[in-house]
1. Identify, by number, the condition in (1) surrounded by fewer than 23 Cβ atoms within 10 Å (Cβ to Cβ); (2) farther than 17 Å from E157 by Cβ; (3) β-branched (V, I, T) that I130 doesn't meet.
2. Being touching a Ser or Thr at 6+ places or on another chain (Cβ under 6 Å), closer than 30 Å to T97 by Cβ and of a type in the set (A, V, I, L, M, F, W, C), is that true of even one residue in segment 138-147?
3. Would you call T212 out of contact with any Ser or Thr (no Cβ under 9 Å at 6 or more places or on another chain), surrounded by 15 or more Cβ atoms within 10 Å (Cβ to Cβ), farther than 24 Å from D85 by Cα and assigned by TED's automatic domain parsing to the domain that holds S115?
4. Which residues, taken from segment 146-172, are surrounded by 20 or more Cβ atoms within 10 Å (Cβ to Cβ), in a loop (DSSP other than H, G, I, E, B) and within 17 Å of the chain's Cα centre (by Cα)?
5. Scanning segment 133-145 for residues that are in contact with a strand residue (DSSP E or B) (Cβ under 9 Å, 6 or more places away or on another chain) and either in a loop (DSSP other than H, G, I, E, B) or of a type in the set (G, A, S) (or both), which turns out surrounded by the most Cβ atoms within 10 Å (Cβ to Cβ)?
6. Could you say whether any residue in segment 88-103 is crowded, with 19+ Cβ neighbours inside 10 Å and within 14 Å of the chain's Cα centre (by Cα)?
7. Go through I59, I79 for me and flag whichever is modelled with pLDDT under 95, closer than 16 Å to R5 by Cβ and surrounded by fewer than 17 Cβ atoms within 10 Å (Cβ to Cβ).
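The values are calculated or read from the model by the stated rules, or taken from the named source; none is laboratory data. Remember, it's a predicted structure, so these values are computed and weren't measured experimentally. So basically every Cβ, Gly included, is an ideal-geometry build from the backbone, and we count neighbours across all protein chains shown.
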Amino acid sequence: MKENRFLECLEILELFFSKDNKKDILEKFCSELMQTGYNVRIDCTKYSVSPHIYNQEMINLYSKSDAFIYELLVDSLKIERSRKDDFIINKIKEHFTTRNKIKILCFGDGIGSDSLKFTKLGFAVTYFDIEGKISDFANLNFKLNKVDNLIQTIFKESHLLENAYDVVICREVLEHLEDPFKTVKKLRSYLKKDGLLFLSESFSSVNKNFPTHLSSNLKYVNKTIELIVEIGFQYLETYNYTNLNIFKKRNITDTSRFSSIPIKPWKIRLKKKIRDKIIYLLS
């Protein structure tokens, strides 16, 4: 099964990059399999990108590079990705009892992995990302899977409707943005009342392996849940100690949502240390 997926990935890469040498395509694909972000790092040098800084060179990288296609395609093959998908699906089914088609916005969906999966499961899906090579690849992916007439594709945020979606999925997008929580506020506006937000970020992964993760966002490390609750969400759950969190849209005047913020891990460790010290002193 996994072998078939590799072959499918190579086939679509060869179709999309039909003018490129097949050997070069295979080499890029295999390099990405061996080391996540390999092609992005190579292209950062090619386009003179200063790592972790959002400027014109970084913008040029996003619009001209094909490296992200390889990175996202390989990511879609990972077992952990599939497990997270299953978690999201189960939580959606638990939350919604309506027989109406659940509307899902896949925000920043790159090559369309989320849009494709959730469309095949019968959800009404809207794909959103900036227009360019990555969105062109997503469109080819949709056509090859015969769902292009089922997925709404939007490339401008101004075209997204407020209070229109039951679910918003936003995975590994915020760490690339200059003002990530301004985007979270927009995501909230797209959701219907009590809608669900599935969000993951990698603010802490600012290193040589991820040159497009902005250093300006390091200040948000370990603060994501708290900041999102402040914006107008209730925190519900984190998947298996990963960075994938679930939030529910709440009325901004409903202050009870603040009680959903979990105790931070360092506070738990501190409490345990104090408890152990007391037990030691009393023994």
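1. (2)
2. So far as segment 138-147 goes, yes, one or more of its residues are touching a Ser or Thr at 6+ places or on another chain (Cβ under 6 Å), closer than 30 Å to T97 by Cβ and of a type in the set (A, V, I, L, M, F, W, C).
3. yes
4. None; the set is empty.
5. A138
6. Yes.
7. I79
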